[in-house]
Amino acid sequence: MKKIFKALKFTSFLLFIILAIVACDQDFNSIESDVVGLKNFNTGSYPIPITSYNKKLDSLRINNLSAQLLGVFNDPVYGQTSASIITQIAPVEFDPSFGDSPVIDSVILTIPYYNKILSTDAGGNSVYSISDSLFGDSPIKLSIYQNNYFLRDFNPNTELDVTQNYYSHANDIVNSTDNFAITETSTINFDEHKGPLIYEDNSFIPSSEAIILKKVSTDGTESTERIAPALRTHLDTAFWTAAIIDKEGSDALRNANNFYNYFRGLYFKAEAINGEGNMLMFNIAASGSNITIYYSYDSSADSTEKFQDTYTLNFTGNKLNPFINNYSLVSLENGDKSNGDEKLYLKGSEGSMAVVDLFTGNVDCDGVVETAVECFKKEYRAVDENGNYIIKNGNFVLKKLINEAQLVLYEDETMTAPSDDYHKYDRIYAYDVKNNLPLADYGYDPSTNTADAYNSKLIHLGQRITDDNGVSKFKIRITEHLNNILLKDSTNTKLGLVLSTNVNYISTSSILNSNDIVTGVPAASIITPRGTVIYGSNANVPEDKRMSLEIYFTESSQN
């Protein structure tokens, strides 16, 4: 615990103490009445067998995630990942009238970045940071094309109103330059469906600077407006004149369905420059994301007086986030389910995850060979004079109370990193593989922080801890998960471990045609470009680095 506290700032330290006390108190009170002989306690720990292995990921659902990645990221352990965006757009107003002789003055694309306000300057203006959502600082080539591939809302091969999902195809692809997605019946190469080039920046680097807009009123008075950091740029007026203004009165602008079929969206393509780049997390569906057409028109057919107006298109409809993975530094493979793996590779963006099987195999249970989970139950549950488990109020009565149970994970110290704080914001998220749900401890953890995901769920999903010797580890609290097995006879489901930079985002992304127990992954792991390596449970791993489950219990001296 002292090492944990050293890793936190003072305010976080105090918060952690308070929350931990509250949580432990809740755990005790919730099962105190079901523990036999609550006096003269002895405290100890109880080891259990674990098998943990790698699971290579592919064919993950990539449509309509909560955010999208755009850019190029070079991981020092794995290699390069490129992320692009395919998105539909639609007008906010249909069947428009643009007036007499409309002429576009400018077309502005705006997509805000995720940002934090660090401070205010001398003039009272906000100073922003986008570092939490920006990976890397080298320029990329950013191209925006019209997309000519129609993104369906519904799957024609299933029952009515079943959403059409699109899945990643980032590994083992035909080439390393095109962006692919797959469905149940087809493989889509979006580069084969590119329309006209709408915008190109051969040296794109996101900026954290506020954007200053100058405005001139009708009387010539100038004013300025500051907006938060964003991708904000001019687009070609001739293209949008033909695409929008010239379509006035046509069916194409009559309603959303017609428009989606006519103008099938945009393709934001990111490419590395000299093998380097940056990657940014976008919220392309944010309220401030749009394409605004500024145009002028005559007040009447026989007048030279000009009026000005705008026509806005929002990023509504389907959004896909295809990836291209070039893992040149490591080969990701499915692991050894029987013996476990020595190292576990946690990598986002269709990379790899770990599966943890608690209570694996058979053990010697007081001279009798039992499954590990049944021996665990015998160790903790109370029995009557006939040797049968005692049940009270629908729960099994316990003779030992679990005070704390933590899955302890050690990071591979041989990993190379550009800086000491490179992995600072990494979190490891644990979930129930069978049901694709958070573990019970997630709901019991009161430390939810909706404004700052890095400092959220600190009790259940501990932050990365580095001690004075440079050894880094994570602690995943699974006390309630084990209590449910003991008290409620819940199924001992396998646990999934993924890397995440947002533990508040718990939606699941399904895997297409999975023939494995892993049928989905937390969607947050898809929009995480980063990766780490932790030691597994294989017997060849040194014991002081091997994955372990630490269980601390209280036992009555009468037992």
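The values are calculated or read from the model by the stated rules, or taken from the named source; none is laboratory data. Everything quoted here is computed from the prediction, not taken from an experiment. Every residue, glycine as well, gets a Cβ built from its backbone with ideal geometry; the counts of neighbours run over all protein chains shown.
Of all residues in the stretch 389-438, which are among the basic types (Lys, Arg) and in a strand (DSSP E or B)? Correct list: Lys392, Lys400, Arg427. Within the stretch 322-332, the set of residues being modelled with pLDDT of 95 or more and either farther than 30 Å from Asp178 by Cβ or in a loop (DSSP other than H, G, I, E, B) (or both) comprises just one member, Pro322.
Out of Val162, Val107, Val92, one residue alone is out of contact with any helix residue (DSSP H, G or I) (no Cβ under 7 Å at 6 or more places or on another chain) and in contact (Cβ under 8 Å) with a residue 12 or more places away in the chain. It is Val92. Here the stretch 266-308 is the region considered, the condition is being of a type in the set (Gly, Ala, Ser), in contact with a Lys or Arg (Cβ under 9 Å, 6 or more places away or on another chain) and touching a residue at least 60 places away in the same chain (Cβ under 8 Å), and the residue that is farthest from Phe73 (Cα to Cα) is Ser299.
Yes/no per residue for (1) in a strand (DSSP E or B); (2) of a type in the set (Lys, Arg):
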residue: Leu231; (1), (2): yes, no
residue: Ala252; (1), (2): no, no
residue: Asn261; (1), (2): no, no
residue: Arg264; (1), (2): no, yes
residue: Tyr297; (1), (2): yes, no
residue: Leu313; (1), (2): yes, no
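With the structure loaded, tell me whether Lys377 is out of contact with any helix residue (DSSP H, G or I) (no Cβ under 7 Å at 6 or more places or on another chain) and either of a type in the set (Lys, Arg) or closer than 22 Å to His481 by Cα (or both) or whether it fails that test. Judged against the criteria, Lys377 is not a match. Taken over the stretch 486-505, the criterion of being touching a helix residue (DSSP H, G or I) at 6+ places or on another chain (Cβ under 7 Å) and either outside the structural domain of Gly351 (by TED's automatic domain parsing) or in a helix (DSSP H, G or I) (or both) is satisfied by Leu486, Leu487.
Put simply, of Thr81, Thr120, Thr87 the only residue that is surrounded by 17 or more Cβ atoms within 10 Å (Cβ to Cβ), over 30 Å from Ala243 (Cα atoms) and among the β-branched types (Val, Ile, Thr) is Thr81. The sole residue among Ala417, Ala382 that is within 26 Å of Gly496 (Cα to Cα) and either touching a residue at least 60 places away in the same chain (Cβ under 8 Å) or not small (Gly, Ala, Ser) (or both) is Ala417. Pairs meeting the criteria (first residue in the stretch 180-206 and surrounded by 12 or more Cβ atoms within 10 Å (Cβ to Cβ) and modelled with pLDDT of 95 or more, second residue of a type in the set (Asp, Glu) and outside any strand (DSSP E or B), beta carbons under 8 Å, at least 6 apart or on different chains) are Asn189/Asp178; Phe190/Asp178; Asp191/Asp178; Ile198/Asp236; Tyr199/Asp236; Ile205/Asp137. Restricting attention to the stretch 179-194, the residues being part of a loop (DSSP other than H, G, I, E, B) and within 24 Å of Tyr262 (Cα to Cα) number 4. Of the residues making up the stretch 506-531, those that are surrounded by fewer than 19 Cβ atoms within 10 Å (Cβ to Cβ) and either under 16 Å from Tyr114 (Cβ atoms) or touching a helix residue (DSSP H, G or I) at 6+ places or on another chain (Cβ under 9 Å) (or both) are Ile506, Ser507, Thr508.
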